[in-house]
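Shown next, in structure tokens, is the structure this report addresses.
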Amino acid sequence: MRQLIQVIACAAVSLLTVALAMAFLFLFLEQISPSELFTSSAAFRVGFQATLLFGVLPAILFGAPAYWWIWRQGQARWLTILPLGAVLGLLVFLLDSALISWGVGCGVLVAGLTHILARRWLGAKPSGC
């Protein structure tokens, strides 16, 4: 159980990191092409909050337990983890099909960062399983 909690923590840190990256991306896009809808600070907030809001369930509720199970099976490799993130990112389709590329991109980034953090924290293969 401790290892699952560690994977959830890795996923949460990864999601926060990607949310910050998206916030800065939204800010940058607003700076280079100002819109009438947002101020720069609003664009930053929307990027951060939308990424967290749309990503928390796929990353924490589905992604972290799936990663933990894959890791316990000794199959936590880039070729299994990144497609998992892409599939979970597709869940944003349920909200709006226009968000698919954003959801898949964020899902892959969160999965990749989670894999990097988990490998450092948990090790490459499970011990004592």
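Only Cα pairs under 8 Å and 6+ residues apart enter the sum, and on that basis the relative contact order of the chain stands at 31 percent.
Compared with the dominant Cα axis of the chain, that is its longest principal axis, helix 78-89 is turned about 50°. Taking θ as phi - 60°, what are the ³J(HN,Hα) couplings along region 48-64 by the Karplus curve (6.51, -1.76, 1.60), each to the nearest whole Hz, with x for Gly and Pro? So the J values, rounded to whole Hz, are 5, 5, 5, 5, 5, 4, 7, x, 5, 5, x, 6, 8, 6, 10, x, 4.
If you count only protein heavy atoms with a 1.4 Å probe, what accessible area per residue comes out for the chain, rounded to a whole Å²? Please report the intermediate quantities before stating the final value.
Values: 7690 Å² over 129 residues.
Using a 1.4 Å probe on heavy atoms only, each residue of the chain averages 60 Å².
Using a probe of 1.4 angstrom, how much of the accessible area of region 1-64 is carbon and sulfur, in percent? Taking all protein chains in place, region 1-64 shows 76 percent carbon and sulfur surface. If you wrap the tightest convex hull around every Cα atom of the chain and split its volume per residue, you get 98 Å³.
The values are calculated or read from the model by the stated rules, or taken from the named source; none is laboratory data. Since the model is a prediction, treat every value here as computed from it, not as a measurement. The accessibility values were calculated without ligands, DNA or RNA, using every heavy atom of the protein model including side chains. Shrake-Rupley method; radii C 1.70, N 1.55, O 1.52, S 1.80 Å.
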